[in-house]
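Since every read-out is calculated from the coordinates, none of them should be taken as a lab result. Keep in mind it's a predicted model, so treat the numbers as computed, not measured. Please note: Cβ atoms are built from the backbone with ideal geometry, for glycine as well, and neighbour counts cover all protein chains shown.
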Amino acid sequence: MALFQRRKTVLVDADILVIGGGMAGCGATYESRYWGRDLKIVCVEKANIERSGAVAQGLYAINCYMGMQWGENQPEDHVRYARNDLMGLVREDLGYDIARHVDATVHKFEEWGLPMMRDPETGRYQREGKWQIMIHGESYKPIVAEAARKAATQVYNRVMVTHLLTDKAKPDRIAGAVGFNVRTGDYYVFRAKAVIVSAGGASHIFKPRAVGEGMGRTWYAPWSSASAYALPIEVGAKMTQMENRIVLTRFKDGYGPVGAYFLHLKTYTQNGYGEEYESKWYDHTKALVGDYIDRHPVPTCLRNHAFLEEVKAGRGPIRMVTKEAFQDPHKETVGWENFLGMTIGQAVVWASQNIDPKHTNPELTTSEPYVMGSHATCSGAWASGPEDYAPAEYQWGYNRMMTVDGLFGAGDTIGGTAHKFSSGSFTEGRIAGKAAVKYVNDLKNVQPQVSEQEYLALEKAIFQPLENYRVGRNEIVAGTVSPSYLLPIHGLQRLEKIMDEYVGGISTNYMTNDVLLNRGLELLGMLKEDMSRMGAEDLHQLQRVWELHHRLLASESVTRHTLFREETRWPGYYYRGDHMKLDDANWHCFTLSRYDRHSGQWALEKAPVYHIVD
Amino acid sequence: MPTFVYMTRCDGCGHCVDICPSDIMHIDKTYRRAYNIEPNMCWECYSCVKACPQNAIDARGYADFAPLGHSVRALREEAKGTISWRLKFRDGREKHFVSPIRTTPWGSIKSPAEYAAPRPEDFAKQELAHEPEALNVPGGLPALRPDQLKQGVV
């Protein structure tokens with residue numbers, strides 16, 4: 001253990017600290033430098049920003065582009081689309097704000113060297129669908145990371161931030177963050193005037209369908225460990241729509257994307273007997289959600305609902321009809337390159353099982369649930385809206401500032417703004433970056449003070465699992481079973497089982513109720529107690545312990561929110577068996593929560609939904 | 001896949017350790033070569049495969065659902081600006097694909113500090129860096145009015 005005895009404490013001062021160097025974090029870092037020429041801008045990332053975040057593998061499409069220069073869409077259209085897809089509940093002020101800026105972001109990506117596909121007839125970006133444009137995005141992340149590296153004063157790779165720090169004298173004001181280097185074990189204390197949380201959403205909080213080696217092939221990246229939520233939750237930031245988890249209809253086992261298949265290749269689904277099935281469930285769905293089933297496009301959750309009901313009725317598997325489209329060699333190439341560009345694992349599954357979509361219609365499945373703020377769902381922190389038009393109740397400070405002073409967010413972190421995807425997350429990072437610079441400029445010489453007592457206590461807690469393992473290991477001969485400590489994989493699998501069985505995972509067909517949720521909370525409470533007895537054999541496992549800590553806190557938030565909202569707003573994502581219908585009279589609102597880390601209590605409330613476009 | 005490393009090709013350079021987003025490529029202390037320490041946290045993102053100068057890293061489909069005999073190889077060439085793929089099915093069929101990865105030289109992106117500094121009055125406006133020019137629309141940055149807000153179901 002000599003390595004850990006040599007552990008240093010590294011103090012880093014920054015004007016703006018960006019936590020997480022994915023798409024949102026790179027956008028925040030870039031924009032902070034543009035507006036804050038003399039500021040010290042530090043980006044900290046638990047992996048390496050060259051290939052970190054959800055876009056590490058690449059993308060084959062940019063899913064949020066208006067095309068205003070060609071009159072294709074206006075920001076209002078995107079607000080209507082996202083609102084419709086999320087069954088009426090989005091922060092329209094925030095969504096509009098991203099939509100009005102996102103085209104400039106995409107134009108910059110092209111200038112930086114991202115290969116865009118173009119429509120050979122019009123010369124415009126090649127549309128995959130109304131909002132999506134097609135790219136050769138294998139190097140999307142390295143390109144964006146290059147821009148961020150040029151902008152940052154310093155990038156700290158391989159430092160995992162575990163906790164935020166608040167001001168010694170003013171607990172609702174941010175002052176910095178702490179974490180550790182996963183290679184050296186050095187302890188990092190960041191002191192900052194403003195902090196932008198741009199960390200990842202949550203995979204691996206619900207039990208995945210594959211639980212052997214394949215548990216790594218979750219739809220969302222396994223390194224998206226809910227830090228986007230746990231970091232702000234723990235310092236008392238209000239969260240919104242945490243119940244709004246997402247279930248993805250994807251190609252079986254590899255979770256390969258279906259967007260290009262549906263939209264560009266014009267493939268379609270049918271049941272195991274070759275029949276169209278969605279229309280069969282129209283009346284059934286209408287009885288649950290009313291007129292929402294008549295909207296266009298049909299909300300994604302409702303299409304999931306028809307899929308699930310058809311499979312439950314014994315007519316699975318649902319298949320994608322690819323055989324027709326793949327006779328066209330161009331479409332066949334697009335179909336394969338789509339995977340190789342962003343979900344290589346699906347190509348591997350098909351190669352291994354001899355599935356050539358030219359000859360076989362591949363199976364689809366519905367994934368385990370995920371919690372995130374950037375894709376077609378909108379869990380995250382409650383944030384202040386744009387100054388020029390956000391309603392008073394949505395505006396208490398700088399744009400994208402949470403309910404903790406000086407704490408900003410972007411990407412998966414910010415709630416209420418579905419359908420931002422990669423380009424929108426980078427754009428939201430830019431919005432937060434400019435706002436954070438204004439905040440720091442307005443502070444002038446006020447320097448937030450971190451408490452030495454607090455960060456020393458956190459240091460002890462953060463490294464305790466190494467000590468637990470060192471001591472407990474002597475009790476047993478060999479192996480992984482100890483009466484004194486749990487390894488992080490043990491805790492993760494218990495978390496996933498609790499969430500799966502009690503909070504609406506795959507094994508209950510996404511069904512839960514108040515009794516199940518309350519029992520789930522009891523079990524989560526015991527897991528929370530067991531977290532003080534986690535053991536870590538090395539720094540890698542120590543990273544896994546703190547990822548689990550983040551996942552657990554986010555899971556508790558998800559469960560509390562799910563219990564609070566007494567309706568089934570998004571059938572196909574989850575069901576409250578005790579409240580099976582959508583209830584606009586009582587629940588056309590946002591759910592908000594605030595956690596008190598000292599008492600462990602959660603306070604929940606409703607917030608109004610304001611519509612800004614017709 | 002998860003990924004694995006061929007003993008005879010790896011020289012222990014650590015590029016894969018440096019790039020892996022999941023922190024699962026580590027150097028084996030006995031053999032001084034890289035290996036995947038946690039295959040069930042591998043997203044098969046191929047970041048390590050692409051980064052390996054010796055082409056020593058490959059992937060074998062997840063044992064839970066991928067029968068043996070397949071292969072998906074990648075060759076990423078920054079100088080040529082391409083990524084090349086070779087898929088081999090279990091039954092021996094092959095497919096090949098090549099895509100561009102970047103249209104500009106690596107390292108050519110300008111720092112935001114190289115652009116003209118924003119004017120003091122720009123801070124109070126809603127425009128971000130490079131706007132409104134980068135939007136490429138005649139009317140400039142779109143905006144809404146606060147009086148458009150309303151509550152209720154729409």
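The table below gives the values:
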| item | result |
| --- | --- |
| Rounded to the nearest 20 debye, dipole of chain B from Cβ charges on Lys, Arg, Asp, Glu | 660 |
| Proxy reagent accessibility, fewest Cβ within 10 Å first, across A:SER225, A:SER507 | A:SER507, A:SER225 |
| Length-normalised contact order for region A:462-614 - Cα pairs under 8 Å, 6+ apart - percent | 23 |
| Chain A: relative contact order in percent, alpha carbon pairs under 8 Å with at least 6 residues between | 21 |
| Relative contact order of region A:249-366, defined on C-alpha pairs under 8 angstrom at six or more residues apart (%) | 40 |
| Sequence-distant lysines (8 or more away, or on other chains) whose Cα lies within less than 21 Å of A:LYS460 | A:LYS8, A:LYS46, A:LYS168, A:LYS528 |
| Residue mean of other protein chain beta carbons inside 10 Å, B:130-136 | 6 |
| Computed magnitude of the charge dipole of the protein assembly as shown (debye, nearest 20; Cβ of K, R +1, Cβ of D, E -1) | 1560 |
| Region A:249-366: Lys pairs at Cα distance under 16 angstrom, eight or more positions apart or on different chains | 7 |
| Rounded Å value of the spacing that divides the Cα centres of region A:76-108 and region A:176-255 | 23 |
| Sequence of A:VAL613, A:VAL503, A:VAL446, A:VAL371 once ranked by neighbouring C-beta atoms within 10 Å, starting from the fewest | A:VAL446, A:VAL613, A:VAL503, A:VAL371 |
| Simple label model, 7 Å out from Cα along Cβ direction - A:ALA585 to A:GLU529, nm | 4.2 |
| Equivalent ellipsoid, region B:1-66 (semi-axes from 5 times Cα gyration tensor eigenvalues, Å) | 18, 12, 11 |
| Reachable aspartates and glutamates from B:LYS88, criterion Cα separation under 14 angstrom, eight or more residues apart if same chain | A:ASP356, B:ASP58 |
| Ratio of Rg to Rh over region A:249-366 (Cα coordinates, Kirkwood Rh, two decimals) | 0.99 |
| Hz values of 3J(HN,Hα) by residue in region A:455-468 - Karplus curve (6.51, -1.76, 1.60), Gly and Pro given as x | 6, 6, 5, 5, 4, 4, 5, 5, 8, 4, x, 5, 5, 4 |
| Sequence of A:THR322, A:THR480, A:THR184, A:THR417 once ranked by neighbouring C-beta atoms within 10 Å, starting from the fewest | A:THR480, A:THR184, A:THR322, A:THR417 |
| DSSP bridge pairs, the protein assembly as shown: antiparallel proportion in percent, nearest 5 | 70 |
| Charge-dipole axis of chain A as Lys and Arg at +1 and Asp and Glu at -1 on Cβ define it, positive-most pick from A:HIS375, A:TYR96, A:LEU486 | A:LEU486 |
| Residues whose placed amide H lies under 5 Å from that of A:TYR156, excluding near-sequence neighbours | A:CYS43, A:VAL44, A:GLU45 |
| Straight-distance crosslink candidates among aspartates and glutamates, where the alpha carbon sits under 12 Å from A:LYS150 and sequence neighbours closer than 8 are dropped | A:GLU31, B:GLU114 |
| Distant-in-sequence amide H partners of B:ALA59 (H built 1.01 Å from N, under 5 Å) | B:PHE4, B:VAL72 |
| Values of log10 I(q)/I(0), in the order q = 0.06, 0.11 Å⁻¹, for chain A under a Debye, Cα-only, solvent-free model | -0.29, -1.04 |
| For region A:492-563 versus region B:1-62, the gap between their alpha-carbon centres in whole angstrom | 30 |
| Compactness of region A:10-158 as Cα Rg over 2.2 N^0.38 Å, two decimals | 1.14 |
| Which listed pairs, of A:LYS581/A:LYS606; A:LYS108/A:LYS141; A:LYS130/B:LYS150; A:LYS193/A:LYS434, have C-alpha distances above 23 Å, in listed order | A:LYS130/B:LYS150 |
| FRET efficiency for A:LEU11 and A:ASP442, using Cβ-Cβ distance with R0 set to 25 Å, rounded to 0.05 | 0.50 |
